[in-house]
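What follows is a set of notes on a single structure, which appears directly below.
The values are calculated or read from the model by the stated rules, or taken from the named source; none is laboratory data. All values reported here derive from a predicted model rather than from experimental measurement. Every residue, glycine as well, gets a Cβ built from its backbone with ideal geometry; the counts of neighbours run over all protein chains shown.
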Amino acid sequence: MVPNGWEVKKLESLASVERGKFSARPRNDPKYYGGEIPFVQTGDIAGSKTYLKSYSQTLNEEGLKVSRLFPKNTILITIAANIGDVAITSFDVACPDSLVAIQAKESMDVVWLYFYLETCQQELDGQATQNAQKNINLQVLRPLKILTPPLPEQQKIANILSTWDKAIGTTERLIDNSTQQKKALMQQLLTGKKRLLDKSGKRFEGEWEEVKLQSVLDLMRSGLSRKLENENVGIAVIRSNNMGSKYTNNVDLKYWYLDDPQGANVSNYILDDGDLLVNFINSLSQIGKACIYRKNLDVDAIYTTNILRIKPNTDKVDPIYLYLLTQTANYDSYITSITKPAVNQASFTTKEFGNLKFNLPSLKEQQKIATVLTNADKEIELLEQQLADLQQEKKALMQVLLTGKKRVVVDGESL
């Protein structure tokens with residue numbers, strides 16, 4: 001049902017809809033590239049917010065001759081690969097034919113149209129054809145039906161959603177700043193450049209001891225190699241995809257039998273809450289990744305053969321402190337040095353991993369460092385939850401405002 005005063009119109013009646021133009025040229029060919037004309041590609045759109053403010057390539061005057069320049073405040077939409085990503089240009093741009101330029105008519109609010117098109121991504125993707133990659137064409141975009149309110153209502157809706165976008169952007173910046181501050185703090189605390197205060201208010205003192213990882217562990221063992229089941233046949237299995245940035249998750253869990261058909265003692269592989277897990281057989285991008293096992297609702301789990309289970313000697317090293325060491329540049333550098341690349345998966349040996357050296361303060365100083373950095377993490381996690389809430393609220397608001405289920409107040413009167 002069309003809301004009172006609204007109309008269903010085709011996109012081509014609200015804006016010019018034209019495909020970008022740039023014939024295929026060798027990448028970075030100096031005959032066409034390297035000038036001062038912004039050349040926007042699909043990846044630039046996917047990584048942008050409402051307004052496109054950066055670009056990864058430029059054209060020169062020769063490049064412009066085989067392309068076309070679109071003015072500021074043009075909506076660009078991707079029509080290949082990731083279909084339906086949108087952004088509004090904040091400068092004149094040229095673009096390839098994998099993008100479509102939508103220039104709203106003067107009777108239309110460009111920001112409102114941007115938000116509306118943002119809700120059409122799933123619809124457009126559903127009309128894609130598959131050649132070398134998924135794509136749509138102008139015959140799909142131009143007749144796209146748009147539920148269109150009068151201009152004053154468009155402008156009010158755009159202002160409301162833009163306010164939400166500003167709040168989201170502010171929160172994202174706070175997360176970035178807090179993350180950078182935490183990284184700087186880690187660098188200072190985990191190297192001893194900055195010493196914290198103990199319970200008595202005195203700064204920690206004393207030399208740190210250089211140790212090998214293997215000397216502060218009670219256990220380092222890889223898991224079971226089995227063809228896992230999708231159904232719960234006995235016990236959950238933690239795989240690499242269950243290893244988050246800090247803790248394990250339970251996304252797409254697989255399962256194995258408590259009574260192993262191949263005779264292994266499964267109980268030897270049951271994880272304890274707080275165990276450190278490390279990828280030691282994986283892709284180069286994931287090798288060495290570490291996280292802390294978090295038990296879910298008292299449900300036991302084991303782990304796969306490409307993961308090392310590490311149980312620290314808590315008389316020597318704090319588990320959280322040990323995890324924090326795996327987030328440092330020194331750790332990354334050491335993992336790179338011991339990793340053996342392969343066609344399918346890279347790997348390193350447990351012996352090599354156990355030879356990792358680091359400087360260790362007293363247990364009490366470790367615990368204080370772990371507490372300070374954990375509190376910094378909690379602040380970031382709180383901001384991330386606020387961001388998720390804002391994004392969900394904006395999504396819900398778009399659903400009611402852009403369909404007319406909830407009408408906005410224009411010129412002091414309720415519609």
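General remarks:
- Odd one out for Ser225 among (1) under 19 Å from Leu297 (Cβ atoms); (2) touching a residue at least 12 places away in the same chain (Cβ under 8 Å); (3) polar (S, T, N, Q): (1)
- Inter-residue pairs, beta-carbon under 9 Å, first part of a loop (DSSP other than H, G, I, E, B) and in the stretch 340-351, second charged (D, E, K, R), 6+ apart: Phe348/Lys340; Thr349/Lys340
- Exactly one residue out of Gly84, Gly63 is in contact with a helix residue (DSSP H, G or I) (Cβ under 8 Å, 6 or more places away or on another chain) and either buried (at least 21 other Cβ atoms within 10 Å of the Cβ) or not polar (S, T, N, Q) (or both): that is Gly84.
- Residue under evaluation Glu12, criteria (1) modelled with pLDDT of 95 or more; (2) in contact with a strand residue (DSSP E or B) (Cβ under 8 Å, 6 or more places away or on another chain); (3) not hydroxyl-bearing (Ser, Thr, Tyr), criterion not met: (2)
- Among the conditions (1) of a type in the set (A, V, I, L, M, F, W, C); (2) surrounded by fewer than 16 Cβ atoms within 10 Å (Cβ to Cβ); (3) touching a residue at least 40 places away in the same chain (Cβ under 8 Å); (4) under 23 Å from Asn296 (Cβ atoms), the only one that Ile235 does not satisfy is (2).
- In the condition set (1) β-branched (Val, Ile, Thr); (2) farther than 22 Å from Ser215 by Cα; (3) modelled with pLDDT of 95 or more; (4) within 25 Å of the chain's Cα centre (by Cα), Val251 is compliant with all but (3).
Condition check ((1) aromatic (Phe, Trp, Tyr); (2) outside the structural domain of Leu382 (by TED's automatic domain parsing); (3) surrounded by fewer than 18 Cβ atoms within 10 Å (Cβ to Cβ)) across all residues:
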{"position": "Leu138", "(1), (2), (3)": "no, yes, yes"}
{"position": "Leu141", "(1), (2), (3)": "no, yes, no"}
{"position": "Lys156", "(1), (2), (3)": "no, no, no"}
{"position": "Thr170", "(1), (2), (3)": "no, no, yes"}
{"position": "Leu185", "(1), (2), (3)": "no, no, yes"}
{"position": "Leu190", "(1), (2), (3)": "no, no, no"}
{"position": "Lys194", "(1), (2), (3)": "no, no, yes"}
{"position": "Lys199", "(1), (2), (3)": "no, no, yes"}
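- Thr305 closer than 28 Å to Arg226 by Cα and out of contact with any helix residue (DSSP H, G or I) (no Cβ under 9 Å at 6 or more places or on another chain): yes
- Taking residues in the stretch 16-36 that are at pLDDT below 90, and partners anywhere that are among the aromatic types (Phe, Trp, Tyr), the pairs with Cβ atoms closer than 7 Å and at least 6 places apart or on different chains are Arg25/Tyr32.
- Of everything in the stretch 349-374 that is more than 25 Å from Ile335 (Cα to Cα) and among the basic types (Lys, Arg), the residue that is nearest to the chain's Cα centre (by Cα) is Lys368.
- Consider the stretch 118-136 and keep the residues that are touching a strand residue (DSSP E or B) at 6+ places or on another chain (Cβ under 7 Å) and over 11 Å from Gly84 (Cβ atoms). The one that is surrounded by the most Cβ atoms within 10 Å (Cβ to Cβ) is Asn135.
- Any hit, the stretch 316-334, residues being without any contact (Cβ under 8 Å) to a residue 12 or more places away in the chain and in a strand (DSSP E or B): no
- Within the stretch 316-345, being of a type in the set (Val, Ile, Thr) and within 16 Å of Leu190 (Cα to Cα) holds for Val317, Ile320, Thr326, Thr328.
- Being at pLDDT below 95, over 21 Å from Leu196 (Cα atoms) and surrounded by 15 or more Cβ atoms within 10 Å (Cβ to Cβ) holds for only one residue in Arg294, Arg309, and it is Arg294.
- Here Asp300 meets each of (1) among the acidic types (Asp, Glu); (2) surrounded by 15 or more Cβ atoms within 10 Å (Cβ to Cβ); (3) at pLDDT 95 or above with one exception, condition (3).
- Residues being in contact with a Phe, Trp or Tyr (Cβ under 8 Å, 6 or more places away or on another chain) and either of a type in the set (S, T, N, Q) or not assigned by TED's automatic domain parsing to the domain that holds Val278 (or both) - total across the stretch 315-348: 3
- Hits in the stretch 261-301 - residues which are within 16 Å of Ser225 (Cα to Cα) and of a type in the set (Gly, Ala, Ser): Gly263, Ala264, Ser267, Ala301
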